[in-house]
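All remarks here apply to the structure that follows.
The values are calculated or read from the model by the stated rules, or taken from the named source; none is laboratory data. The shown structure was predicted, so the numbers you read here are calculated from the model rather than taken from an experiment. A quick note on method: Cβ atoms are made from the backbone with ideal geometry, for glycine too, and the neighbour counts reach across all protein chains shown.
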Amino acid sequence: MIISLLRKLMNVLRNKSADHEQEWFTNRTGQLSFRPVISRRNGMYVANVERRVGTRAAEFFDSVGEFRSARRALAEASIMARHMAFYRYRFTL
């Protein structure tokens with residue numbers, strides 16, 4: 001019984017940590033990718049966008065703003081990351 005409860009708890013924790021990892025949006029050339037990242041600062045959720053060139057490590061790209069809810073922050077950062085990959089830097093190498 002205790003083991004089954006611990007397994008359920010581990011699955012919940014694993015799913016929660018996976019929620020914070022967002023997908024990369026890659027441009028048409030396949031060399032430039034953007035990802036939304038959410039952090040918490042002073043009671044507000046900060047929406048940021050990370051950029052990755054080729055296979056290098058991600059680096060900070062732009063801040064979208066501060067929001068009261070994590071869901072809204074993630075939505076805005078996702079929109080910005082998608083637009084950066086599919087429109088603004090569509091054919092950048």
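For segment 38-93, name all the residues that are without any contact (Cβ under 8 Å) to a residue 24 or more places away in the chain and in a helix (DSSP H, G or I).
Within segment 38-93, Arg71, Ala75, Ile79, His83, Tyr87, Arg88 meet the criteria.
Anything in segment 59-93 that is more than 25 Å from Arg41 (Cα to Cα) and surrounded by fewer than 14 Cβ atoms within 10 Å (Cβ to Cβ)? List them, or say none.
Tyr87, Arg88, Arg90, Phe91, Thr92, Leu93
I'm checking my understanding of the structure. Among residues of segment 35-46 that are over 13 Å from Met84 (Cα atoms) and in contact with a Lys or Arg (Cβ under 8 Å, 6 or more places away or on another chain), which one is surrounded by the fewest Cβ atoms within 10 Å (Cβ to Cβ)?
Met44
I'd like the full set of residues that are among the aliphatic types (A, V, I, L, M) and at pLDDT below 95, limited to segment 48-72.
Across segment 48-72, the qualifying residues are Val53, Ala57, Ala58, Val64, Ala70.
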